[in-house]
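Below is one structure, written out as structure tokens; the observations come after it.
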Amino acid sequence: MPKSKKSRKKQKLHISDIPNPIPMPGKVDARTRAQRKVDLRDYFILGMLAVVIGIIGGLAAILFRNLINFIHNLFFLGNASVVYDSYQFMDYNLGWLDSNMVWFVLLIPMIGGLLVGLIVRYGASEVKGHGVPEVMEANIKKGGRIRPRVGILKALASAITIGSGGSAGREGPIIAIGASSGSAIGQYLNLSDEKIRILVACGASAGIAATFNAPIAGVVFSLEIMLLEFKTKSFVPLVVSSVLATVIAHLFLGNEIAFPIRDIVGIHTLNSPYELVLYLILGLLAGLAALFFVRFFYNMEDIFDKLKMPEFSKPMLGGLLIGIIGLIMYTQFDHFFVFGVGYGATMPVLTSSTTGWLFTGLQLAGFFLLLMFLKMLATSFTLGSGGSGGVFAPSLWMGAMLGGAFGIVVNLIFPSTMVAGYGAYALVGMAAFFSGTSRATLTAIIILFEMTSTYEIILPLMFACVAADATSRILSKETIYTLKIKRKGIVFSYDREINILETKLVEEVMITDITCIENHNTLAQVSEKILSTGFQGFPCIDENGKLTGIFTHSDVKEAMCKNTDKASLICKIKADCQLIVTYPDDTLETAMELMAEHGYGHIPVVDRDNSTKLVGFLTRNDIIQVYRLKAKEREDKTWK
């Protein structure tokens, strides 16, 4: 019986129910109109949520900076003030400590390390480390879902680490803090994985923008590291959150740039086109140094992991080692140098005004290289032992010292009319070193421009960053961010949106409930098994359960065409067949290439240490299903 008009009006019409006829020129079909309405709604809602996240990110950045200042002043000066300028070069007045008790500085990073260890032990394990890899892992494996408490505990642990003298930066923690706020909002509204990932990236963008007064770099970082895509749907919310966070930061912190060197005329310029060759060399050196730092950093982390002592006490040991370095530097040079973010000690290098540093000429260059290595050591002790903080600020420090040392040598060799002061090379070295460690090259270029507001040096900056990126990429596949998640068994590819097979392991897709055939089975038995099960192929095993090969319907068909006796044993039919296998930790890309190369639609999965031990079975249909699931994931779900 046909439905009434009234009942038909109550029916919900979904996009998938709308037929998609061939549209006439100048007309828009019903499916397109419906999709446009969904897109418009999504843009509006994501934009509004980006406003909220931007405000939260801006306020969080302000509170985080003040918390670091408060803890620093409490530990080192004995007062409860939030007034402290980490960009100003000053000796660490020990305030409440007597000059004869300077050794007490050994205990300050230890106390901070112990507090952080307890937060990690009883609060959230995700708090330790430099923050960005944990956010990347959440985006890859968990649909952007981060526990809400992670952001709060990350802020507290990182503030204690940095404030008590730990060698770490603010970028990692503020990214984690902003990302967790975006994730919490997305989870509360029960949004799809795609939308939660966008909100996570909005939080990261807002945090960077507010912390470093770098709104463009905040957006680019999220695109380059978090989302690895450039789509209007994600780009617009990123811009909105970054702008709002920057506005909030301006209201409370002012519009001052991080490194105010723009008014120093003539220092940061390209004096001669031939000077680009020198910046190219600096970029190559920065790439090598960055690669050494990444490996040294994770080797140190491995050393701490192997120590047989309670996990919560390891950051305390790291603090002791940092304190030893700081104490030696303080007693010899009246400055800790390696403590905290280190921006204050970077400023004199950028302005070529280190005349009060006891050294000149090659001695000063050697001192810069010493400081670079000590910062590398201190950062590895801080974060490798389980402390909390970012690697951006230490990377800038190390890059500045490397660039400054290189600039001094250059100025001793070439006339001043041909080359700029060593401050220019220090500035370029900062960006190049970070580019080499993270390969976020565009972010490195933009964030250094925004932090210094110095456009005259942009050409050498770009040139050296690209050289450092290329050097690091040629010698190592991983960055300081991706290596950490790879060590957890998570495959990460910068092209994951283009080729998702590079991000999935065989063990995630393979079938473990395997139907096998045995060597002594006959052709007739195998043919019957194919007909009864509908499977197109089977792994073949011997009497001991060891894999000997694979037998498919194509092999049955070929044997039949050759009039092979149906009573023939299959081990005789394919006695000389090469065994083609894949391993659980291979990517689907590798397995697919093997299938294509040998013309198989099925492939056995074996233990890497024992090529006859069958652990799974992979088919071409299983791989195709990955694409289907990915496409389904990208489909927009209705807002709830």
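Is there a residue in the stretch 106-126 that is more than 27 Å from Val338 (Cβ to Cβ) and part of a helix (DSSP H, G or I)?
So far as the stretch 106-126 goes, yes, one or more of its residues are more than 27 Å from Val338 (Cβ to Cβ) and part of a helix (DSSP H, G or I).
Have a look at Phe373, Phe368, Phe414 and point out the one that is buried (at least 24 other Cβ atoms within 10 Å of the Cβ), over 29 Å from Leu223 (Cα atoms) and not β-branched (Val, Ile, Thr).
Phe368
Answer yes or no as to whether Met418 is outside any loop (DSSP other than H, G, I, E, B) and either touching a residue at least 24 places away in the same chain (Cβ under 8 Å) or farther than 17 Å from Pro460 by Cα (or both).
Answer is no for this residue.
Which pairs have Cβ atoms under 8 Å, sit 6 or more apart or on different chains, and link a residue in the stretch 507-535 that is without any contact (Cβ under 8 Å) to a residue 12 or more places away in the chain to one that is surrounded by 13 or more Cβ atoms within 10 Å (Cβ to Cβ)?
Between residues of the stretch 507-535 that are without any contact (Cβ under 8 Å) to a residue 12 or more places away in the chain and residues that are surrounded by 13 or more Cβ atoms within 10 Å (Cβ to Cβ), the close pairs are Gln525/Ile517.
Counting only residues that are touching a Gly at 6+ places or on another chain (Cβ under 7 Å), more than 21 Å from Thr246 (Cβ to Cβ) and polar (S, T, N, Q), how many does the stretch 168-190 have?
1
In this structure, is Met136 under 30 Å from Val247 (Cα atoms) and either modelled with pLDDT of 90 or more or not polar (S, T, N, Q) (or both)?
Yes; evaluated as a whole, the condition is true for this residue.
Helices (runs of 4 or more DSSP H) wholly in the stretch 198-317 with at least 1 residues that are in contact with a Cys (Cβ under 8 Å, 6 or more places away or on another chain) and either at pLDDT 90 or above or under 25 Å from Ile485 (Cβ atoms) (or both) - which ones?
Where helices (runs of 4 or more DSSP H) fall fully within the stretch 198-317 and carry at least 1 residues being in contact with a Cys (Cβ under 8 Å, 6 or more places away or on another chain) and either at pLDDT 90 or above or under 25 Å from Ile485 (Cβ atoms) (or both), they are 232-253, 275-306.
Taking the stretch 66-77, which residues are farther than 21 Å from Leu114 by Cα and surrounded by 18 or more Cβ atoms within 10 Å (Cβ to Cβ)?
Matches in the stretch 66-77: none.
Give the residues of the stretch 355-386 that are touching a residue at least 12 places away in the same chain (Cβ under 8 Å) and polar (S, T, N, Q), sorted by residue number.
Across the stretch 355-386, the qualifying residues are Thr379, Ser380, Thr382, Ser385.
Test of understanding: among Pro415, Pro460, which residue is of a type outside the set (Lys, Arg), touching an Asp or Glu at 6+ places or on another chain (Cβ under 8 Å) and more than 19 Å from Leu483 (Cα to Cα)?
Sole residue among the options that is of a type outside the set (Lys, Arg), touching an Asp or Glu at 6+ places or on another chain (Cβ under 8 Å) and more than 19 Å from Leu483 (Cα to Cα): Pro460.
Quick one: which residue in Ser192, Ser158 is hydroxyl-bearing (Ser, Thr, Tyr), in contact (Cβ under 8 Å) with a residue 40 or more places away in the chain and surrounded by fewer than 24 Cβ atoms within 10 Å (Cβ to Cβ)?
Sole residue among the options that is hydroxyl-bearing (Ser, Thr, Tyr), in contact (Cβ under 8 Å) with a residue 40 or more places away in the chain and surrounded by fewer than 24 Cβ atoms within 10 Å (Cβ to Cβ): Ser192.
From (1) surrounded by fewer than 23 Cβ atoms within 10 Å (Cβ to Cβ); (2) without any contact (Cβ under 8 Å) to a residue 60 or more places away in the chain, pick out the condition that doesn't hold for Leu114.
(2)
If we only count helices (runs of 4 or more DSSP H) wholly inside the stretch 543-606, which ones have 2 or more residues that are modelled with pLDDT of 75 or more?
553-561, 588-598
Examine the stretch 388-405 for a residue that is hydrophobic (A, V, I, L, M, F, W, C), surrounded by 23 or more Cβ atoms within 10 Å (Cβ to Cβ), under 23 Å from the mean Cα position of the chain (by Cα) and more than 20 Å from Tyr481 (Cβ to Cβ), and state whether such a residue exists.
The answer is yes, given that some residue of the stretch 388-405 is hydrophobic (A, V, I, L, M, F, W, C), surrounded by 23 or more Cβ atoms within 10 Å (Cβ to Cβ), under 23 Å from the mean Cα position of the chain (by Cα) and more than 20 Å from Tyr481 (Cβ to Cβ).
The values are calculated or read from the model by the stated rules, or taken from the named source; none is laboratory data. This structure is a prediction, so every number in the text was calculated from the model and none was measured. With ideal geometry, Cβ positions are generated from the backbone for all residues, glycine too; neighbour counts draw on all protein chains shown.
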